[in-house]
Amino acid sequence: MWVGNCFLITLNVPLVRYWLSVFKIPYAVLFPSILFFCCIGTYSVNNNLDDIFITAAFGFLGYIFMRLEFDAAPLMLGFILGPMLEENLRRALLLSRGSFGSFFTRPISGTLLTLIGVFIAWQVVAPFIKPRNAVLDPAQT
């Protein structure tokens, strides 16, 4: 890592003005070229055209999420932590011989599941609760 960082410093410090020239490229040229290189990279992994369609579908889904103002952080956490959660859930179910009761009878997991339930319920109920300290607007009265 140290060697890689030293190379990055020696290459990027003198070339920073050239890297900044990327911002001068018009969006009408830059966006299609980024899409083109994404498609080339996706195709080159497995030499399969279906991968490009999957990439386009997820790109369209990401666009919809962006237009609906979804946060990207919870989705990324789900993608990263999901496989670990699934593996450990299987392991716990094997240890408890398929019984979900061990998740509720153990104090730590029971407390965490209760907190999760409270937080989900709060997210559902919170939009319907009016703040009591709100300043009254004369236009609304």
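The values are calculated or read from the model by the stated rules, or taken from the named source; none is laboratory data. What you see is a predicted model; the values in this text were computed from it and never measured. No Cβ is skipped: glycine too gets one built from the backbone with ideal geometry, and neighbour counts run over all protein chains shown.
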Inside region 65-79, the number of residues satisfying the requirement of being among the aliphatic types (A, V, I, L, M), loosely packed, with under 10 Cβ neighbours inside 10 Å and assigned to a helix (DSSP H, G or I) is 1
If we keep only residues of region 17-33 that are β-branched (V, I, T) and surrounded by fewer than 10 Cβ atoms within 10 Å (Cβ to Cβ), then the residue modelled with the lowest pLDDT is V22
R91 fails exactly one of (1) among the charged types (D, E, K, R); (2) more than 19 Å from the chain's Cα centre (by Cα); (3) at positive phi, namely (3)
Residues of region 53-72 being at pLDDT below 85 and either under 23 Å from F103 (Cβ atoms) or of a type in the set (A, V, I, L, M) (or both), in sequence order, are A72
Pairing a residue in region 83-94 that is within 15 Å of S109 (Cβ to Cβ) with any residue that is of a type outside the set (F, W, Y) and part of a helix (DSSP H, G or I), where Cβ atoms lie under 8 Å and the two sit 6 or more apart in sequence or on different chains, gives A92/S102
Subset of region 96-109, residues in a helix (DSSP H, G or I) and loosely packed, with under 10 Cβ neighbours inside 10 Å, comes to G101, P107, I108
A careful count of residues in region 110-141 that are assigned to a loop (DSSP other than H, G, I, E, B) and at pLDDT 80 or above gives 0
Expected output for region 1-14 (first residue on the phi < 0 side of the Ramachandran plot and at pLDDT below 85, partner surrounded by 10 or more Cβ atoms within 10 Å (Cβ to Cβ) and aromatic (F, W, Y), Cβ below 6 Å, 6+ apart or cross-chain) is none
